[in-house]
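Read the structure below first, then the notes.
Taken together, the values in this text are just the output of simple stated rules run on the coordinates, not laboratory data. Quick caveat, the model's predicted, so the values are computed rather than measured. Note that each Cβ is placed from the backbone with ideal geometry, even for glycine, and that neighbours are counted across all protein chains shown.
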Amino acid sequence: MSLAKPAMRGLLAKRLRFHLPIAFGLSLVAAAAFKFAVTEPRKQAYADFYKHYDSTKEFNAMREAGVFESVRPTGK
Amino acid sequence: MLSSDCLWSFSSTASVAARSYSHGKQETDEEFDARWVTYFSKPDIDAWELRKGMNTLIGYDLVPEPKILEAALRACRRLNDLASAIRILEAVKDKSGPHKEIYPYVLQELQPTLNELGIPTPEELGIDKA
């Protein structure tokens, strides 16, 4: 049984034509997944934290705890 | 990295990218094969030209046609270079990559030439396995 002639040209081109769009697509999906699973929740967490943040109150709490050198706790 | 010229050559039948012109007549597969058969058929081809030709040919996105390989093997015979002849067979198998049906087909087509020139295959020598 003699073998039939197989395709011998453009084998890499055929492979790339198939795999490169998939590779680009998967990369875009990976980037989108990271954006929506990590970046956006993180940004939201910061936004939520600072939405009702009272910097003066926090400063005074830190001052009373004695962590500053530039200002001493009140009293004493 | 991927120039528009390379994309054009993906959709054409010719796989040569020695010069990435998008103008100029595209060489047909038959013209390409004939050119390489002529190259290796030069009666006084020297060892450098044989190596250069094979290395250039291996760089293309194709497995060389049996008729090109036959001309190359005969050039090896003229140069008394059995090692290169066997190496050419190894290169064909390597170029085929995952397409395992190509190498047996090429060996089938080259069998008369291999017998005539007394060239053993890597498999017959047992050097195809590491």
> Please state the relative contact order of the range B:29-125 as a whole percent: Cα pairs under 8 Å, 6+ residues apart?
Replying inline: 28 percent
> In whole angstrom, how long is each semi-axis of the equivalent ellipsoid of the range B:29-125, when you take the square root of 5 times every eigenvalue of its Cα gyration tensor and sort them from largest down?
Replying inline: 19, 17, 12
> How much net charge surrounds A:Pro21 when only other residues with a Cβ under 15 Å from its Cβ are counted (Lys, Arg +1; Asp, Glu -1)?
Replying inline: +3
>> Using the Cα centre of chain B as the reference point, and only Cβ charges (+1 on K/R, -1 on D/E), how large is the resulting charge dipole? Debye, rounded to the nearest 20.
In response: 280 debye
> Roughly what angle does helix B:82-96 make with the longest principal axis of chain B, taking Cα atoms, 0 to 90 degrees, to the nearest 10?
Replying inline: 50 degrees
> Peptides A:15-24, B:45-54: what's the order by average Cβ count within 10 Å, highest mean first?
Replying inline: B:45-54, A:15-24
> Within the set A:Lys14/B:Lys25; A:Lys5/B:Lys100; B:Lys67/B:Lys93; A:Lys5/B:Lys25, which residue pairs have Cα atoms separated by over 21 Å?
Replying inline: A:Lys14/B:Lys25; A:Lys5/B:Lys25
> About the Cα centre of the protein assembly as shown, what is the dipole size in debye to 20, counting +1 per Lys and Arg Cβ and -1 per Asp and Glu Cβ, all else neutral?
Replying inline: 880 debye
> Peptide A:11-18: average number of partner chain Cβ atoms within 10 Å per residue?
Replying inline: 5
>> Taking 30 Å as R0, compute the FRET efficiency from the Cβ-Cβ separation of B:Gln26 and A:Lys14 and round it to 0.05.
In response: 0.95
>> Show me, for the range A:29-45, the HN-Hα J-couplings you get by feeding each phi into the Karplus relation (A = 6.51, B = -1.76, C = 1.60, θ = phi - 60°), rounded to Hz, glycine and proline as x.
In response: 4, 4, 5, 5, 4, 5, 4, 7, 8, 10, 5, 5, x, 5, 4, 5, 4
>> At 222 nm, what value in deg cm²/dmol follows for chain B if DSSP H runs of at least 4 each add -39500 (n - 2.57) and the sum is divided by all its residues, to the nearest 500?
In response: -19000 deg cm²/dmol
>> P(r) for the protein assembly as shown, please, calculated from all Cα pair distances in 5 Å bins and given in %.
In response: 1, 6, 11, 12, 12, 9, 7, 6, 4, 3, 3, 3, 3, 3, 4, 4, 4, 3, 2, 1, 0, 0
>> I'd like to know which of B:Pro122, B:Trp36, B:Thr56 lies farthest towards the positive end of the charge dipole of chain B, counting +1 on Cβ of Lys and Arg and -1 on Cβ of Asp and Glu.
In response: B:Thr56
>> Please enumerate, by chain and number, the lysines with C-alpha under 30 Å from the C-alpha of A:Lys51, excluding those fewer than 8 residues away in the same chain.
In response: A:Lys35, A:Lys43
> How many partner chain Cβ atoms sit within 10 Å of a residue's Cβ in peptide B:106-114, on average, as a whole number?
Replying inline: 1
> Other chains' Cβ within 10 Å of B:94-102 residues: what's the mean?
Replying inline: 3
>> About the Cα centre, and with charges only on the beta carbon of Lys, Arg (+1) and Asp, Glu (-1), how big is the dipole of chain A? Nearest 20 debye, please.
In response: 740 debye
